[in-house]
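**Q** Dropping the structure in here first, questions after.
Bear in mind that the values in this text are calculations on the coordinates, not laboratory data. Values in this document were obtained by computation on a predicted structure and should not be read as measured data. Here the Cβ positions follow ideal geometry from the backbone for every residue, glycine too, while neighbour counts run over all protein chains shown.
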Amino acid sequence: MAILLKYIITNSNISNKQEDKVLIKTSKQRAYLKSLAMNITPIFQIGKSSLTPELTQAIDEALAARELIKISVLQNCLDDPRAIAEYLSERTHSDVVQVIGKKIVLYREGKDKKKKIVLPE
């Protein structure tokens with residue numbers, strides 16, 4: 001996995017558009033996002049080829065459009081779902097809401113005009 005992640009990091013063309021900052025500050029906000037994530041279906045599947053630059057780019061675009069996404073890691077993927085979630089979080093400047101089994105939930109706050117989810121204070 002380390003070799004694969006090194007390859008992806010060196011060959012990925014995602015620019016650092018946003019500065020690194022924590023979006024989810026309290027457990028109340030995380031619980032709210034978890035409750036929203038219960039009703040959504042996974043829109044990406046990570047399989048045997050694990051993470052590719054194209055998949056990472058697609059996830060970045062989906063976060064820009066939806067703010068909250070769920071990703072499914074298939075059984076034939078040998079990588080650890082938590083490691084995949086941390087890597088995606090770092091590359092897409094998002095927060096990991098939760099990793100349960102082989103499901104990953106990511107959140108990134110939308111821009112002012114496209115903001116759909118309002119977090120409780």
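**Q** Could we say that D95 is touching a Leu at 6+ places or on another chain (Cβ under 6 Å) and either more than 13 Å from A37 (Cβ to Cβ) or not aromatic (F, W, Y) (or both) here?
**A** Criteria met by D95.
**Q** Can you tell me which residue in segment 97-112 is farthest from K28 (Cα to Cα), limited to those that are out of contact with any Phe, Trp or Tyr (no Cβ under 8 Å at 6 or more places or on another chain) and in a strand (DSSP E or B)?
**A** Here the answer is K103.
**Q** If I ask for residues that are within 20 Å of P120 (Cα to Cα), surrounded by fewer than 17 Cβ atoms within 10 Å (Cβ to Cβ) and free of Cβ contacts under 8 Å to residues at least 60 places away in the same chain, which ones from segment 27-78 would you list?
**A** Those that are within 20 Å of P120 (Cα to Cα), surrounded by fewer than 17 Cβ atoms within 10 Å (Cβ to Cβ) and free of Cβ contacts under 8 Å to residues at least 60 places away in the same chain: S27, A31, S35, M38, N39, I40.
**Q** Here are L78, L88, L63, L51: which of them is in contact with a helix residue (DSSP H, G or I) (Cβ under 7 Å, 6 or more places away or on another chain) and assigned to a loop (DSSP other than H, G, I, E, B)?
**A** Matching residue, one of L78, L88, L63, L51: L51.
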